[in-house]
Structures are given as C-alpha cells and as structure tokens.
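Data first, discussion second: the structure below is written as structure tokens.
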2 protein chains.
Amino acid sequence: MIDRIARFLPVARWLKGYNGGTFVSDSLAAVIVTLMLVPQALAYALLAGLPAEVGLYASMIPLVVYAIFGTSATLAVGPVAVASLMTASALGGIAEAGSPEYVGAALVLAALSGLILFAMGVLRLGFLANFLSHPVISGFVTASGILIAASQIGHILGINGGGQNLLEMGQGLWQQLGAINPVTVMIGGGALLFLYVCRRFLKGGLMAVGLSERLADLATKAAPVSAVIVTTAAAWFWDLGATGVKLVGEVPSGLPSISLPSLDPAIWSTLLPAAVLISLVGFVESVSVAQTLAAKRRQRIDPNAELIALGLANVGAGVGGGSPVSGGFSRSVVNFEAGAQTPIAGALTALGIAIATLTLTGLLAFLPKATLAATIIIAVSTLIDFSAIRRTLNYSRADGAAMLATIILTLGHGVELGILVGVGMSLGLYLYRTSRPHSAVVGLIPGTEHFRNVSRHDVRTDDATIILRVDESLYFANARYLEDRVLELVSARPRLKNLVLACQAVNDIDASALESLEAIDSRLKEAGITLHLAEVKGPVMDRLRKTGFCHELRGQIFLSTFEAWTSLVKAPPVITGIPKEPARISRGR
Amino acid sequence: MIDRIARFLPVARWLKGYNGGTFVSDSLAAVIVTLMLVPQALAYALLAGLPAEVGLYASMIPLVVYAIFGTSATLAVGPVAVASLMTASALGGIAEAGSPEYVGAALVLAALSGLILFAMGVLRLGFLANFLSHPVISGFVTASGILIAASQIGHILGINGGGQNLLEMGQGLWQQLGAINPVTVMIGGGALLFLYVCRRFLKGGLMAVGLSERLADLATKAAPVSAVIVTTAAAWFWDLGATGVKLVGEVPSGLPSISLPSLDPAIWSTLLPAAVLISLVGFVESVSVAQTLAAKRRQRIDPNAELIALGLANVGAGVGGGSPVSGGFSRSVVNFEAGAQTPIAGALTALGIAIATLTLTGLLAFLPKATLAATIIIAVSTLIDFSAIRRTLNYSRADGAAMLATIILTLGHGVELGILVGVGMSLGLYLYRTSRPHSAVVGLIPGTEHFRNVSRHDVRTDDATIILRVDESLYFANARYLEDRVLELVSARPRLKNLVLACQAVNDIDASALESLEAIDSRLKEAGITLHLAEVKGPVMDRLRKTGFCHELRGQIFLSTFEAWTSLVKAPPVITGIPKEPARISRGR
C-alpha cells in the first residue's frame, strides 16, 4: 500500500523516517540556499525581461510542489539561467519586455511547459530527452552562457541592450555607447571584480585562516549576498537612482496570488514550440544534476517521476505568478553540501524566500541592476566550456560537428534554431553512421580458431569461400548497403562458391534487413553461390526461425566461424594477406 | 583513361565489345518491350490525368538518355504506375487534369525530380533512399496499387471518378452511378476478363501445346496488345465514340519538340516535396529491380551512377514533353528474359515508340479508355501483396505497425502523407528500439569460461562483483538509459564493490556515451565501487585510448569476461539463479 502511494507521492517515502535531526540539517541547508537564491531569483527575472517579483514567486510555490512530488532529496528547483534566456527569447516576439502581456505570457509558458513535462511523465516519455545528445546540450549551454553574459553587458554599462543573438546584442550596445552611465559602470564593474576575486581566491584565503573546506566553500557561494547588501546600501545612502543608476525599484511586498494564466489558445499555440524546448532542456539538466548528487549517497531518482514533479512545479509557477523553473546546478550542489537530507529543505527554502519577500522588498528597491548583472555574468561563466569543443572534436568528428553547429547557430540565430539544428544533426549523423556499417572480409589466423580482417593481418583465405564479418545491427538504413557490399564482393570473385556472413556483432535484424538477406540469398543462388550464416545470436536466431528464411536458405547456419571454415574449406588453403612484414597477429579488427 | 570516362559515361564500358550478335539480341528484346510499352505508356498517361502523347513522349528521350548513363543492362525506364499515381496526386491541386497548365506542371515535376536525383547522385547521397524501409515501401506499393485500381473503376464504367484517396474515389463513383455507360462496361469488363484469363491460363495453355516456357511467358505479357487491337477495331467499326464510349481521341502525330519547362519559381517550390518523394520512391524501385536482374548475370550496378542516369532521364522527360519516369518492374523483367544484353535495347525501344507515334496515332484515336483502364488494373494487381502485412507483423511488430500506418494513411489520405508518416514511424521506432538497449546481468556457467543471463540460467554470481553485458552500441539516445540501469543495479546491492561492463556487442561509443561512462565511473567512485570494462572491441578501444577516460578509470579493462571474473572474484562464489528446474545451460542470451 505504502509502495503504491509512494509511487505517485514520493513524499510518502521519506516522511515516515523524518525526525528532529533531519529537520536541523534541512533547515541549515535551506538558510544557505535562500541566501544564494534571493539575488539569483531577482537576477534571472532581470535576464528573462521580467519584473523582479516574478523571480521571487518562481522560488516559492514550485519548490513546495517539488518537495511533495520530487524523487531527488537535494535538487534545488527554481529560476535558472538557461531557462530564463529561453524565456526571454520565446517572449521577445510576443510583447514588450516587462509589460503586463509579457508577464502574462511568461506564466502561460511556465504552465504550458509544466503540462508538457507532466504529460511526458505520465506517458513515460522520459527517454525523449535522451535525443538531446551530450555534445548538443554542452554546446548549447556554452553558447547560452555567452549569450547571457553578453546580454548583461548593457546593464553593467547602464545602457539598454537587447537582441536575440550575439550580432543583434553587439549592434544594440554599439548604438548606445554614448549613453554609458559612469556611476553604473563603477557599481557593475566593482561588483564584477569583487565576485571574481571571491570566486577565485576567497575559498583558499578562508581555508588558510583555518576554516574547513566545506565552510569556506559555502561562504564563497554566499559572496553575491554581500555584493547585494553593499551596493544596495550605497544606492540608498547616496540616492544613486537620481544619478541615472538603474535600480530594481518597487517590488510588491506580499505573497503571490493564485490565478489561472491566460487561456487564450493563440498564445498557447505560439508558445508551444518554445515550451517543448524549455521543458526538454530543463529536464535534461535537472535529471543530470539530480542523478549526480543522488549517486553520491547511493540513492536513486526516477526520471519519469521527475518529469511529473518538474511538470507540477512549473504548473505551480504558472498559477503562482512565476516564470519557468528547473533544477539549478550550483544551488543543488550547495544544498547537497550544506547537508540537505530531504526535499523538506526545498520547502524551507520557499519559506525563506517568502519571508524575504514579505520583509526585504523595501530594501531591494534600491538594489542596482548592475549588481544583478554582475552576479549573472559570474554565475554563467561556469557554464562556458570551450575545452569541451576540442575534446569532443578530438574524440568524434561527427559529435564535434553537431556541437559546433549548435554553438554557432545559437550564437548567430538564437536559442531555438541552435538546439533544433543540433538535435537534427546528431540524429542525422547517427543514422548516417549506422547506415554504412563497418564490415570486413576475415581469414583464419594460422594455428588458431580466430579470424581477422584480411587487409590488416596475415591470415588464411580460400578462393571458393569468403567470410564477411558484419559489425553492426542490420536494419532498413543499412540493409541495402550490405546487399551492395555482398554483390561487390561476388562480382570480383569468379571462383566463389560459398559466402559466410559472420554475425557476432549483429544485435538485431529488422524486417527490411530480413528481406535484404532473402534477396542476397536468392541472388547468390542465381549466381551459383551458397549463402551461410555463422555466430547468429540467440534472440536473433529465435526470430529468424519464425520466418521462412531458415527454410529457404540453402546454406548452413554455423555456431562458430571456425566451424564454418572447417566444414566449407576442404582444399589446402592458400596464404594471402600482407606479405611485406613477418606474421603479426595483433589485437583489433 | 577509359576507366575515368566509364565512371561518368557507363556507355563507354560496353560499347567497345558491341557486335552484331549483341545487336540482334537487343533488337528482339526491344520489339517485345515496345509492344508492351505502347499500351502502358497510354494507360499511365491516363492514370496521371495527362494526354496520351505525354506517356509516349516519356518513353522516348528518357530511354535514350538512360542508355548512355545507366549502369544496368536491362532496366526498362519509362512511365510506371506508382509514379503516375504520385504525379496525379501532386498535380491535382495545381490545375485541372489535362489542361495545358496541368501538362506544363507535369514537365516541371519530371525536370525537378530529375535534378533532385542528379544532385543526389553527384553528392553521393544514394544512401538517403535507404531510409525508405522495406515494410514502408511494400505497404506503400500495396496501397498505391489499390488506389490505382480504384481510380480506374470509373473508366471501366464510363463515368468520371477522381479523388486523392479511397473515400473520395468511392464518393465520386457513388454520385455518378446513374451515368454508367453500358457499352463502355461491356468493353472494359470484357478487356478485364480477357486480360485476367490470359494472365491466369494463357501461359499454361501455350506450354501445353508445345511452346517453350520463355516464349509462352512473353506471349502472355503481350496480351494487352491484342486487347488494344480488338477494342480499337471495334470502336472504329461500330463508331462507338458516338454512343458515349470515351476514346483516347486525337493524338498529335510526330515526335516531341524539345523545350524548357516553365521556370516559374512558384510552381517549382510547390512541386518540390512531391518531386522529392517521387524521386526517392522511383529510385528505390529502379535500383531494386536493376540489382535483382544484374545479380542473375553476376553483374553490378552502381547506385550513385543510377541516380545520375535516372536524374538525367527525368530531365530528358521534362524537356522532351514527358512525365516523370523510373525503372518499371514488369517491363525490365521482360527485357531481361527477351535477352537484352546492353542498354542499346532501351534506345531501340525508344525508336520503336517513335515509329509507333509517327504511324499509329490515327488508329490509337479509336482506342477506348476502358481498355487502358483494364490493362492498368491487371498490371497493378501484382503490386498488391496482403500476405506481406501478416508476414511483417509476425516477424516484427514495430515494422508491421509502420507498414500498416503507411497503408492506412495512403488509402485514407493520399500518397504523400502515407509515405511521410511511414518513414517517420520507421525512423522513430528504430530510434526508440536502440534507445532502450537490451542488457543483462550475467554469471559464470560452472565449469566453463562462458557467461549467461542470471535470470535465464543457473550461473555463479558474486555479491561484491556484478557483470553487466550491454547488447547494443552506445550512443546519445541510450547512454543515459545505461546510466539509469547501472544506478538501479548499484542502489539494490549494498555490498557491491566491482561493476564490470561486458562490451562484446558494443560496436561504437559516441561522445555522449563516453560522457555517460565517465559519469558512471565517477558516480560509482563516490559510492565506493570500481568500474571495469571487458571485451572492448579494438576500434572502440583505439578511440577510448585517445581520451582521458582510460586514465581516469580506476578499474581495469579486461580482454575477456572470464579474465575479469577470475581476477575480481576471490571468495568462493555462491550459486544463485533459478533453482526451480534442474541445471539447464541453453543457448541464447
């Protein structure tokens, strides 16, 4: 019974064992994450072109919802950088940033992406996220980081930026270069320098004066809070708003009201493609963070349950006045390291944000936007990973090409085209790769029962019998390629009598490939050659037996390639291969 | 030198050895194919909604062009049933059937699909056609056959049919049922019965009176010519046109004039999707016919050269007044059996059609359309293969589902949606299948060095060491699935110390899968478990060595699973597995 409830309400799993000790751990983690989340919530709202309170609202209800339905003990849900950039990109064409229509569309986007995630979870479609390959995601995150940083330069300089891609952003900045506000530059540049120095040296400094590594790390993560406090105090004390420094301004005090987002079908259908992409990207990032952290404690998360939890969290954001949310990497790590034991830590963080919203909004009105821009730039600098490009290109040119295309198109055209082309390319390249499978004519290594590629090794072959090893599962896209390969081999060997397909690497044969095998068999028959198979895997053999193929096949199905060799090659075999070097039987193909 | 010319001009390959004997063979084949092609050319023009001469023109220039560039000695190019149906479907929305705009658009369609095929050949993109899986093509051809037969019922009854799908066709017939022309029904029904009887019994009858099988077969294939002659004579003698029997009517005598098709970009872009589909379907059918016939003589065709040849043939159709062409199955078989030795047979067939066009058009004007409809129905009846549905479903439910979807959508919605959904489904199902690869925890068969699935066999396992065999190449779509699987295994085994991935079936590891392996390794490390690999293939190992993975990996890379077992399992292993039955070590997973 508890199991069935737990399947739908993961909260039931851990609530029974909850005690005072767990609560203390969770509370401590919640305090630290709240300190980190307040400036981030404001900053990501700024990045998404939304009023500051939308970021705070996105950090309340969704966290409580996730605490009930989430399967990760430590994932910190809330507004994140990449989703905020994608939100800005999706809403850019709909209304002017910050306008009531714009905010309304953001709530629709959250609710819609929540419903998509929820539906995927119910239909157990979590595997769809797997089609976002690592190189594409990694390239997309790097490019997003660059776009996000570029979008914040305007705030640091005190001018209006804007633009969906790097070129537009550069043009926007260039045109307004005369309007730079020197005081804003001082605040923004100062905050940037301070945050950079903290990130680079604070941890080491604190450890040098005797703090534990964990404490030093957490203190470093809280650096943005001090930047916020100092620059807010300065703006209030010197009334910097009057000198043209842009401040966060009036933030409505109080909790969000619950209301349905707009139900206008035109907006819903316009936002659908963007919502799908935000959902998938957010899900992939959340799950990979959650899995990494769960594995450290030998815990597990359930990806389909995560889809439901993240989906409901986003629906919560949509009805609770917030923008789309997902699991944030840095906050989740802090939550984990600060000792969060259960999702209650997330609910307590929501409580912390609620308290901040009720008490601090008067002060936050004086917070310079340049400070938030500086925290964003420092935060996203960890997303940018150029070394991954070289590493990926070095390992696989196809993966590297998909990654580069994603980066270039995201930077040059915006987030949506970038990720779509990346996914399309990685699928296309995968299909292309499997459509031309490696295959090798093999021969016997003298004195053994092993067979190796004739063009790489000195092996025994036979004029009347050829053994072709197929190194890929056979399916429609590569079946005809195999037909071509066999016909090519046959047309070059007039004395051929037997052709053996060695199938140890064939994990599956689909209906098209079966027809190709039948076509190969009947064509070889016409040409007076017998087709044999060897080393067919059990499950593949089981399916072949259900068809007429085994009956039609004139040749035999051998258990091993050696068995095929010994029964087909009667004449003393001739030695061929590469005669230049002495016999070398190396490992490999 | 000759090799380089031959690569671009296959005609150079066989022209040197051409002699009188070859010419006699080719001429004989050409006469027989011409007899078959005249009624088919008229019939397929009727099917495509085009004037009769367009079918004749499509049987001249394209055949000569193919003779120069084609690599198949026996492929008979020209108008075919499925391409004609697709042409009618593509042009239906553009202009009224038979109007000058309609004919103009047909020439554009031929030229455009020719350019697409040519470009694919130059770019060596022939493999793209492989993505039309066998079940989808076979389902599509069956559904097209049904649609084609249904579209001809109106001609047999002497009423106007029309419609893009079975429902529309049925409605069209139903509404005009009152307008049935009894004389037409007699001619059409008579021709149908005659052709059916010929196909069914003539060959046997001729063989019974002493004809050779080959001659009897060829005579049977020429039966439509007699139906054409008899019904044309009847229509002329009794002036049936006056009684309301629809005749082919005035066919312009003389050869086609060469002219560029319309260059209106609006028409070109409207026809592009249809042209792509016609090209791919025509190419797949042509290549499979050509390969089947070539293999019988141990000849080879070059798919990319075929693309160029078929492309130029279609461009020839477009500038020479013809509709799209491809290699026809039945005519190619007749050409082969009649003894065609070189593509000269095709050029001579074009000559035969030219002579027919110059001399017979006066007579063909009296040919009843119902006769042509009867020849079409009998011809396409061979395309319809219901048994393939059951056979495919029986072998693979995924392939069967894609086939059924193709058939149902082609019949219910028309050719384009049918084939697109079929291709999409077969790709999606393939990706789905590979995204959840089979993997099995294996254990040692006592007394051997072999390992088998623990849930199927009585094998030795160890509490501290688990061996997971992965039965698929690892790539982005299944990499995270493997992560999940490993974490699931680990979280259920608190005493685990070693995890071995047995990789004998892993033909490739892409960049995403490499990252997943790294993630698995570092997560296991955090949990105090060591990851090992075993039986990694040579080429996969070569690529892994280029990365930091082998260096990072704390565990070992074993050559064989048994080696991993002997070096990791020191304690006396416990026996687990299925204890219900006596030990059975069966083949299979």
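All of the numbers you see were taken from the coordinates with simple rules; none came from a lab. Just so it is clear, the structure is predicted and the values come from calculations on it, not from any experiment. FYI the Cβ positions are ideal-geometry reconstructions off the backbone, even for glycines, and counts take in every protein chain you see.
So which chymotrypsin sites (Phe, Trp or Tyr not before Pro) in the stretch A:11-64 are both in a DSSP loop and have at most 16 other Cβ atoms within 10 Å of their Cβ?
On the way: sites: A:Trp14, A:Tyr18, A:Phe23, A:Tyr44, A:Tyr57; in loops: A:Tyr18.
Here the chymotrypsin sites (Phe, Trp or Tyr not before Pro) that fit, given the DSSP loop and packing criteria, are A:Tyr18.
In chain B, what % of DSSP beta bridges are antiparallel (nearest 5)?
Details: 14 of 27 bridges.
Rounded to the nearest five, the antiparallel share is 50 percent.
Rounded to the nearest 5, what % of the DSSP beta bridges within the protein assembly as shown are antiparallel ones?
Working: 28 of 54 bridges.
In the protein assembly as shown, approximately 50 percent of DSSP beta bridges are antiparallel ones.
Normalised by the empirical 2.2 N^0.38 Å for globular proteins, what value does the Cα Rg of the stretch A:239-325 take?
1.53
Quick check on the protein assembly as shown: what are the equivalent-ellipsoid semi-axes from the Cα gyration tensor, as sqrt(5λ), descending, whole Å? If you can, show how the numbers build up before the last one.
On the way: eigenvalues 816, 323, 137 Å².
The answer is 64, 40, 26 Å, longest axis first.
Over all residues in A:479-491, what is the mean tally of Cβ atoms on other chains that come within 10 Å of each residue's Cβ?
Details: counts 3, 11, 4, 0, 6, 8, 0, 1, 7, 2, 0, 3, 6.
So the per-residue partner count for this stretch is 4.
I need the Kirkwood Rh of the stretch B:166-238: take the reciprocal of the average 1/r across all distinct C-alpha pairs and report it in angstrom.
Details: mean 1/r = 0.0688 Å⁻¹.
Value: 14.5 Å, from the Cα pair sum.
Could you compute how fast chain B diffuses translationally, taking Rh as the Kirkwood radius over C-alpha pairs and applying Stokes-Einstein at 25 °C with viscosity 0.890 mPa s? Give it in µm² per second.
89 µm²/s
Can you tally the lysine pairs in chain A where the Cα-Cα distance is under 30 Å and the two residues are eight or more apart, or on different chains?
Lysine pairs meeting the criterion: 19.
Each residue of the stretch B:509-523 in turn: what ³J(HN,Hα) in whole Hz from Karplus with 6.51, -1.76, 1.60 and θ = phi - 60°, glycine and Pro shown as x?
Couplings: 10, 8, 4, 5, 5, 4, 4, 5, 4, 4, 5, 4, 4, 6, 5 Hz.
If I take the rotation axis that carries chain A onto chain B, which residue of chain A has the nearest beta-carbon, and at how many angstrom?
Output: A:Ala505, 3.
Per-residue ellipticity at 222 nm for chain B, helices alone: DSSP H runs ≥ 4 residues times -39500 (n - 2.57), over residue total, nearest 500 deg cm²/dmol? Don't skip to the end; give the middle numbers.
On the way: 27 runs with 359 residues, N = 589.
Helix-only estimate at 222 nm: -19500 deg cm²/dmol.
Every other copy gets compared here: list the nm distances from the B:Pro494 label point (7 Å along Cα to Cβ) to its counterparts, shortest first, one decimal.
Ordered by increasing distance: 7.5 nm.
To the nearest µm²/s, what D does Stokes-Einstein give for the stretch B:193-291 at 25 °C and 0.890 mPa s, using the Kirkwood radius over alpha carbon pairs as Rh?
Calculated translational D: 132 µm²/s.
Taking just the C-alpha trace of the stretch A:303-345, give me its Rg and Dmax in Å.
Spelled out, the Cα radius of gyration and Dmax of the stretch A:303-345 are 11.9, 32 Å.
With +1 assigned to the C-beta of every Lys and Arg and -1 to the C-beta of every Asp and Glu, and no other charges, what is the dipole magnitude of the stretch A:439-575 about the Cα centre in debye, to the nearest 20? Provide the component values of the computation, followed by the final result.
Numbers: 17 positive and 19 negative charges, 67 e Å.
The dipole magnitude comes to about 320 debye.
Placing +1 at every Lys and Arg Cβ and -1 at every Asp and Glu Cβ, with all other atoms neutral, what dipole size does chain A have around its Cα centre, in debye to the nearest 20? Could the numbers behind the result be given before it?
Working: 43 positive and 38 negative charges, 341 e Å.
Roughly 1640 debye for chain A.
Could you compute the longest span of chain A free of GluC sites (Glu not before Pro) located in DSSP loops and having at most 16 other Cβ atoms within 10 Å, not counting the site residues? Intermediate results must be reported in sequence, preceding the final value.
Values: sites that count: A:Glu96, A:Glu250, A:Glu449.
Longest run free of exposed loop sites: A:251-448.
Distances from B:Gln176 to the same residue in each other copy, label points 7 Å out along Cα→Cβ, in nm, shortest first?
6.7
Distance between the C-alpha centers of the stretch A:155-207 and the stretch B:166-215? Whole Å please.
Their Cα centres are 82 Å away from one another.
How much net charge surrounds A:Phe194 when only the other residues with a Cβ under 15 Å from the Cβ of A:Phe194 are counted, with Lys and Arg +1 and Asp and Glu -1?
Details: positive: A:Arg199, A:Arg200, A:Lys203, A:Lys221; negative: none.
In short, +4.
I'd like the Karplus ³J(HN,Hα) series for the stretch B:455-464: coefficients 6.51, -1.76, 1.60, θ = phi - 60°, whole numbers in Hz, and an x wherever there's a Gly or Pro.
Result, ordered by residue: 8, 10, 9, 7, 9, 7, 10, 9, 5, 9 Hz.
Counting Lys and Arg as +1 and Asp and Glu as -1, what is the net charge of the other residues whose Cβ lies under 13 Å from the Cβ of B:Thr547?
Numbers: positive: A:Arg390, A:Arg391, B:Arg543, B:Arg545, B:Lys546; negative: A:Asp399, B:Asp510, B:Glu515, B:Glu518, B:Asp521, B:Asp542, B:Glu552.
Charge balance in the 13 Å sphere: -2.
Take the Cα gyration tensor of the stretch B:380-502, multiply each eigenvalue by 5, square-root it, and list the three semi-axes largest first, rounded to whole angstrom. Numbers along the way, then the final one.
Working: eigenvalues 371, 62, 17 Å².
Its equivalent ellipsoid spans semi-axes of 43, 18, 9 Å.
Which value, in nm² and rounded to one decimal, describes the direction-averaged projected area of the C-alpha convex hull of the stretch A:451-574? Could the numbers behind the result be given before it?
On the way: hull surface 28.8 nm².
Over every viewing direction, the Cα hull of the stretch A:451-574 projects on average to 7.2 nm².
Taking Cα centroids, how far is the stretch B:343-391 from the stretch A:90-113 in Å?
Distance between centres, Cα-based: 61 Å.
Let me check I've understood the local charge: for A:Gly204, count other residues with C-beta under 15 angstrom from its C-beta, Lys and Arg +1, Asp and Glu -1. What total comes out?
Numbers: positive: A:Arg199, A:Arg200, A:Lys203, A:Arg214, A:Lys221; negative: A:Glu213, A:Asp217.
That sum, taken over residues with Cβ under 15 Å, equals +3.
Just the number, please: percent antiparallel of the DSSP beta bridges in the stretch B:439-575, rounded to the nearest 5.
45 percent
Can you pull out the trypsin sites (Lys or Arg not before Pro) in the stretch B:1-103 that DSSP calls coil and that have at most 11 other Cβ atoms within 10 Å? Provide the component values of the computation, followed by the final result.
Numbers: sites: B:Arg4, B:Arg7, B:Arg13, B:Lys16; in loops: B:Lys16.
Hits after loop and neighbour filter: B:Lys16.
Under the rule of at least 5 residues apart or a separate chain, name every residue whose amide H is placed under 5 Å from the amide H of B:His532.
Placed amide hydrogens put B:Leu499, B:Val500, B:Leu501 under 5 Å from B:His532.
Using each residue's phi in the stretch A:138-148, evaluate 6.51 cos²θ - 1.76 cosθ + 1.60 at θ = phi - 60° and report the 3J(HN,Hα) Karplus result to the nearest Hz, with x for Gly and Pro.
Coupling constants for the stretch A:138-148: 5, x, 5, 5, 4, 5, 4, x, 5, 4, 5 Hz.
Based on the inverse mean of 1/r over its pairs of different Cα atoms, what is the Kirkwood hydrodynamic radius of the stretch B:1-110, in Å?
Numbers: mean 1/r = 0.0638 Å⁻¹.
The answer is 15.7 Å.
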